[in-house]
């Protein structure tokens, strides 16, 4: 019996979908997390590609700004790479694990250690030169001023 791929595997294209097309709608465990064996198998098929987690975020707007918040506890602000364009933000970083116990001594492991990134498409254009990022108690907050499309100005024609 062939095991159906998880939703994550289908979305990321980490496996071939040949032969699974008819089973996409009835996969009951599609949104379950990948097991350690599945993650290990992915890493074997993709050698040299570091496994990277996706940074969860909150994004909302105020009258003048788009605000993005992310928990980055355990990551130094100097180790974050935040790249912005007028319509997109990419946040990259890494959380390094301090090993205090062997793998077999853990009862439960849920914390993510290693590299992470997140690319966010913005719902509106922003003023990149006025954007700012701050961190407090492990919470990253990026404030992105929106472009005021109603603003106008008059240009004076100069003569030479």
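The values are calculated or read from the model by the stated rules, or taken from the named source; none is laboratory data. This one's a predicted model, so the numbers in the text were calculated from it and none came from an experiment. Don't worry about glycine lacking a Cβ; one is built from the backbone with ideal geometry, like all the others, and counts go over all protein chains shown.
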Residue list for the range 44-63, filter: modelled with pLDDT of 65 or more and either surrounded by 11 or more Cβ atoms within 10 Å (Cβ to Cβ) or touching a strand residue (DSSP E or B) at 6+ places or on another chain (Cβ under 7 Å) (or both): 51, 52, 53, 54, 55, 56, 57, 58, 59, 60, 61
Conditions (1) closer than 22 Å to residue 54 by Cβ; (2) modelled with pLDDT under 95: number failed by residue 89: (2)
Selection status of residue 112, surrounded by 14 or more Cβ atoms within 10 Å (Cβ to Cβ) and in a loop (DSSP other than H, G, I, E, B): yes
Pairs where the first residue, in the range 75-102, is closer than 15 Å to residue 135 by Cα and the second is modelled with pLDDT of 90 or more and loosely packed, with under 12 Cβ neighbours inside 10 Å, C-beta under 7 Å, 6+ apart: 92/81; 93/81
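Residue-wise test of (1) assigned to a strand (DSSP E or B); (2) modelled with pLDDT of 90 or more; (3) within 21 Å of the chain's Cα centre (by Cα).
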residue: 108; (1), (2), (3): no, no, no
residue: 120; (1), (2), (3): yes, yes, yes
residue: 124; (1), (2), (3): no, yes, yes
residue: 133; (1), (2), (3): yes, yes, yes
residue: 143; (1), (2), (3): yes, yes, yes
residue: 150; (1), (2), (3): no, no, no
residue: 154; (1), (2), (3): no, no, no
All positions within the range 64-74 that are more than 20 Å from residue 129 (Cα to Cα) and surrounded by 18 or more Cβ atoms within 10 Å (Cβ to Cβ): 70, 72
Test for residue 58: is it free of Cβ contacts under 8 Å to residues at least 24 places away in the same chain, assigned to a helix (DSSP H, G or I) and closer than 19 Å to residue 137 by Cα: no
